[in-house]
Amino acid sequence: MRARFVSQPIFMFLVNIRNALLYLRTGYFRNVYGMNIAKDVRLSFKARIDRTNPKGLIIESKTYVAFDAIILSHDFSTRRHAAKTQIGSHCFIGCGAIILPNVTIGNHVIVGAGSVVTKDVPANSIVAGNPARVVKSDIRTIEYGMLAEKKG
């Protein structure tokens, strides 16, 4: 029996619909909750964004947050209800990563899958682990946290 494959135009149509829905969802977070999320940020449908303190969340342009990632902007146990969590531009937050409140992630950062970010992350680095630690520095990413190819 021959396998059936979806033709390329239909596949691209479905991808464009998904991207439009992601764009609308991000707009909903910005306009209804008041989150400071750039228009070109991509949040997976399964990413969990803290809505308890929505104005305490800042995500800059060309950043991607993968599925099951959790970004917190408040901490009930320590009474930090007005925490500020900031993620820079051109970042990638891996699946299952947890970003705790009052953390600043610099520009061009990759957060590994399953990492727990408890402290500020310097720009141009890769962090991984629990708690997350810098495993590589002096990197550069292009849009949505993809590693840029080194020249030469």
Which condition number in (1) at pLDDT 90 or above; (2) touching a strand residue (DSSP E or B) at 6+ places or on another chain (Cβ under 9 Å); (3) part of a helix (DSSP H, G or I) is the one that N16 fails?
(2)
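Return the only residue of L57, L24, L72, L43 being surrounded by fewer than 15 Cβ atoms within 10 Å (Cβ to Cβ) and either modelled with pLDDT of 90 or more or within 22 Å of S115 (Cα to Cα) (or both).
The conditions single out L24.
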Residues to consider are Y28, Y33, Y64; find the one that is over 24 Å from T141 (Cβ atoms), touching a strand residue (DSSP E or B) at 6+ places or on another chain (Cβ under 9 Å) and hydroxyl-bearing (S, T, Y).
Y33
Yes or no: L57 without any contact (Cβ under 8 Å) to a residue 24 or more places away in the chain and not acidic (D, E)?
no
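The values are calculated or read from the model by the stated rules, or taken from the named source; none is laboratory data. This one's a predicted model, so the numbers in the text were calculated from it and none came from an experiment. Every residue, glycine as well, gets a Cβ built from its backbone with ideal geometry; the counts of neighbours run over all protein chains shown.
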